Amino acid sequence: MTIDRRDFLTGTAAFAVSSALVAPAHAQTGGASSSADTAALAILNQQAEALLAAYPDGAAYLGLDSGKRMSLKGKLTDRSATAEAARRDDAAKRLAQLQAINRAALSPTVATHVETVIAAHEIALEGWRRMPVGDMAFLSNNNYRSTPYVVTQGNGAFVDTPDLLENKHQIANRADAEAYLSRLEAYAGQLEAETRRIQADARQNVLLPAPFNDITVAQLRAGAAQPAAEQGMIRSFADKLAKAGLTGNWTARATAIVDRRIAPALANQADALASLRPRAPQDGGMWHMPDAADRYAWLAEAATTTKRTPDEIHESGVEQCRAYAAQLDPLLRAQGLAQGTPGERLAALGKRPDLLYANTDAGRAELLEYLNTVVARLRPRLPQAFSKLVRGNLVIKRVPPAIQNGAPNGYAGPGALDGSTPGIYYINLRDTANWPRFELATLTFHEGIPGHIWQGEYTFDLPLIRTLLGFNAYSEGWGLYAEQIGAELGYYEDDPLGRIGYLQSMNFRAARLVVDTGLHHKRWSVDQAVRWLMAATGYTESRARSEINRYCIWPGQALGYKTGHNEINRLRDHAKARLAGRFDVRGFNDVVVQAGGMPLGVLAKVVDRWVAAERT
């Protein structure tokens with residue numbers, strides 16, 4: 001017999017959510033749960049179940065589509081306009097229920113949970129109001145990725161669902177196999193619903209810019225043309241059936257669904273986008289669409305959880321890039337690179353043959369092996385940075401070649417809450433020249449340990465809804481702070497090139513503030529943004545263009561990284577000043593990582609509460 005650990009956590013034991021949040025609460029409540037807390041946690045639990053029902057993809061990614069939630073295993077998120085309107089209306093009702101809670105009667109821990117969930121719903125409802133086109137993803141498992149475009153080379157069912165089926169749908173019995181077939185049918189339905197929404201948005205003069213229309217159409221056509229038996233989601237299905245010892249005609253039925261419904265739906269979506277190509281804007285920025293300024297302002301607010309204006313963000317990025325250039329200069333001189341801008345010298349360093357992997361399958365395998373050695377080398381140092389350690393359950397994979405032309409250079413996906421499937425750290429290896437070795441440790445700290453995969457596991461101890469909801473500035477700010485932790489743990493003491501890679505990474509995230517606002521607010525062209533990013537970071541044109549393409553289709557998302565990182569460091573400096581000799585960086589790191597995703601303003605309250613407790 002198994003016990004659903006989430007059901008257990010929603011009782012009085014939920015107060016053991018994390019030492020960072022709980023200590024002050026216990027000081028005020030004597031360690032006993034109050035009826036107000038119990039009632040509030042029950043509401044949060046009900047709302048978590050509602051979110052899982054609305055976005056069943058999230059249940060699959062977290063391994064929650066089993067047991068009492070087995071009905072979700074055959075489902076995918078409905079991407080129709082009707083379903084989106086229902087999700088908006090349901091969110092408004094949940095917000096009203098949350099706002100009716102008397103937060104003054106709650107312990108600080110539970111009040112923080114409620115405040116965080118309220119904020120998520122307020123931001124989402126603002127998004128539906130101010131950006132009634134595209135994909136308002138704030139409450140979904142893709143909460144970092146709201147965009148005014150329903151489908152692009154980086155988002156849409158054709159990007160998300162094959163990955164879910166291949167990597168997250170587990171098969172142990174016949175019911176799991178039947179659920180897989182149901183999800184394949186649902187995948188076709190997602191594609192068909194998205195195509196209708198693409199056409200509806202086009203009638204509102206919202207069209208995917210022409211360069212990205214071309215990329216997306218090519219990817220969709222390639223997917224439609226690929227024989228079903230060669231597709232990863234079909235090959236992995238056969239492997240899972242064999243591993244489970246299941247015999248039957250499931251693979252043949254799956255192939256038939258691909259041929260009968262999925263391939264035609266992919267082709268139809270490609271045709272729909274291609275038909276809009278003559279009307280599509282040539283510029284990559286979203287400024288060409290109706291209400292662009294207000295829509296971009298919301299995307300920036302959602303990504304940063306601040307009210308900073310695009311102009312303020314832009315100038316901040318320029319200033320930070322200047323500061324990082326000054327830090328990089330002596331390190332580059334020590335490598336014999338004294339001439340040219342920091343970007344030009346970084347570009348020269350990135351072309352050194354001894355720092356590059358061969359652009360072959362063997363070279364890619366060698367690169368992946370190196371990433372695993374980075375993780376193994378860092379693990380023993382983590383007790384110096386954290387008092388509470390999690391497992392850090394992850395695997396490292398290349399981005400599937402079928403989507404690599406439209407995918408980011410690196411990203412991570414969560415593992416199952418019960419540890420049955422690991423988190424996945426993806427690296428895009430379409431061109432290994434994009435990855436000189438001195439950059440790879442920093443990327444691994446960001447995406448893997450102690451970055452996204454590591455941080456995500458701490459949320460497993462929070463009430464379920466806190467795991468489901470995410471805040472870009474917190475999570476990406478933590479990703480950059482994780483890079484900083486790697487440096488502070490001495491990883492680069494005997495690796496000056498790695499130190500350069502670390503500072504280049506920080507400089508790159510500052511540069512994102514400039515180019516994202518440049519594209520969407522200052523009306524830069526794609527080529528102008530590519531040139532600026534190359535000059536600032538030393539990235540190859542291929543890599544810089546890939547980055548700029550991402551910012552064009554996910555406006556504002558890139559603003560969260562440095563905004564969140566700067567705020568975490570501001571809070572750390574403030575805590576250190578108040579605690580003086582009593583400051584313990586492990587305690588601070590524990591507080592921030594265990595807090596879970598939340599707006600930056602709420603995080604400041606959590607840290608202030610920890611500081612006050614440490615001073616008593």
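Kindly check whether there is at least one residue in the stretch 565-587 that is open to solvent by less than 10 Å² (accessible area, probe 1.4 Å), modelled with pLDDT of 95 or more, closer than 22 Å to Glu301 by Cβ and among the small types (Gly, Ala, Ser).
Checked the stretch 565-587: no residue is open to solvent by less than 10 Å² (accessible area, probe 1.4 Å), modelled with pLDDT of 95 or more, closer than 22 Å to Glu301 by Cβ and among the small types (Gly, Ala, Ser).
Listed residues Ala529, Ala511, Ala441; which is within 22 Å of Ile424 (Cα to Cα) and either of a type in the set (Val, Ile, Thr) or in a helix (DSSP H, G or I) (or both)?
On the way: Ala529 fails: within 22 Å of Ile424 (Cα to Cα); Ala511 fails: within 22 Å of Ile424 (Cα to Cα).
None of the other options fit; the residue is Ala441.
Counting only residues that are over 26 Å from Ala172 (Cα atoms) and in contact with an Asp or Glu (Cβ under 6 Å, 6 or more places away or on another chain), give me the helices (runs of 4 or more DSSP H) lying completely in the stretch 48-146 with at least 1 of them. Before the answer, list the steps.
On the way: elements: 56-61, 81-99, 108-130.
Per the criteria, 108-130.
Criterion first (in contact (Cβ under 8 Å) with a residue 24 or more places away in the chain, basic (Lys, Arg) and crowded, with 23+ Cβ neighbours inside 10 Å) does Arg466 satisfy it? Can you show your working first?
Working: in contact (Cβ under 8 Å) with a residue 24 or more places away in the chain: yes; basic (Lys, Arg): yes; crowded, with 23+ Cβ neighbours inside 10 Å: yes.
Spelling it out, Arg466 is indeed in contact (Cβ under 8 Å) with a residue 24 or more places away in the chain, basic (Lys, Arg) and crowded, with 23+ Cβ neighbours inside 10 Å.
Which residues, counting only those in the stretch 371-397, are buried (at least 16 other Cβ atoms within 10 Å of the Cβ) and either part of a helix (DSSP H, G or I) or of a type in the set (D, E, K, R) (or both)?
Leu371, Val374, Val375, Leu378, Leu382
Just a yes or no: is a residue in the stretch 275-286 more than 30 Å from Arg130 (Cβ to Cβ), part of a helix (DSSP H, G or I) and over 28 Å from the mean Cα position of the chain (by Cα)? Give the derivation first.
Of all residues in the stretch 275-286, those more than 30 Å from Arg130 (Cβ to Cβ) come to none.
Within the stretch 275-286 (the criterion being more than 30 Å from Arg130 (Cβ to Cβ), part of a helix (DSSP H, G or I) and over 28 Å from the mean Cα position of the chain (by Cα)), the answer is no, since none of the residues qualifies.
Find the residue count for the stretch 182-218, including only residues that are outside any helix (DSSP H, G or I) and either under 24 Å from the mean Cα position of the chain (by Cα) or β-branched (Val, Ile, Thr) (or both). Lay out the reasoning, then the answer.
Residues of the stretch 182-218 that are outside any helix (DSSP H, G or I), as a first pass: 203-209.
Next cut, either under 24 Å from the mean Cα position of the chain (by Cα) or β-branched (Val, Ile, Thr) (or both) only: 206, 208-209.
The number of residues fulfilling the criteria is 3.
Please list, ordered by first then second residue, the pairs with beta carbon atoms under 9 Å, 6 or more apart or interchain, first in the stretch 342-369 and open to solvent by 40 Å² or more (accessible area, probe 1.4 Å), second in a helix (DSSP H, G or I) and among the β-branched types (Val, Ile, Thr).
Close Cβ pairs (under 9 Å, with a partner that is in a helix (DSSP H, G or I) and among the β-branched types (Val, Ile, Thr)) amount to Leu356/Thr432; Ala358/Thr432; Asn359/Thr432; Thr360/Thr432.
Of the numbered conditions (1) open to solvent by 10 Å² or more (accessible area, probe 1.4 Å); (2) more than 22 Å from Gly285 (Cβ to Cβ), Ser542 satisfies every one except a single condition; which is it?
Evaluating Ser542 over (1) open to solvent by 10 Å² or more (accessible area, probe 1.4 Å); (2) more than 22 Å from Gly285 (Cβ to Cβ) leaves (2) as the failure.
Taking the stretch 225-261, which residues are surrounded by fewer than 17 Cβ atoms within 10 Å (Cβ to Cβ) and basic (Lys, Arg)?
Residues of the stretch 225-261 surrounded by fewer than 17 Cβ atoms within 10 Å (Cβ to Cβ): 225-227, 229-230, 232, 235, 238-239, 242-249, 252-253, 256, 259-260.
Within the stretch 225-261, Arg235, Lys243, Arg253, Arg260 qualify.
Go through (1) among the aromatic types (Phe, Trp, Tyr); (2) open to solvent by 20 Å² or more (accessible area, probe 1.4 Å); (3) out of contact with any helix residue (DSSP H, G or I) (no Cβ under 8 Å at 6 or more places or on another chain) one by one and return the number of the condition Trp554 breaks.
Tallying (1) among the aromatic types (Phe, Trp, Tyr); (2) open to solvent by 20 Å² or more (accessible area, probe 1.4 Å); (3) out of contact with any helix residue (DSSP H, G or I) (no Cβ under 8 Å at 6 or more places or on another chain), Trp554 fails exactly one: (2).
The values are calculated or read from the model by the stated rules, or taken from the named source; none is laboratory data. In this text, all values refer to a predicted model and were calculated from it rather than measured experimentally. We place every Cβ from the backbone using ideal geometry, glycine too, and count neighbours over all the protein chains shown. Heavy atoms of the whole protein, side chains included, go into the accessibility calculation; ligands, DNA and RNA do not. Shrake-Rupley method; radii C 1.70, N 1.55, O 1.52, S 1.80 Å.
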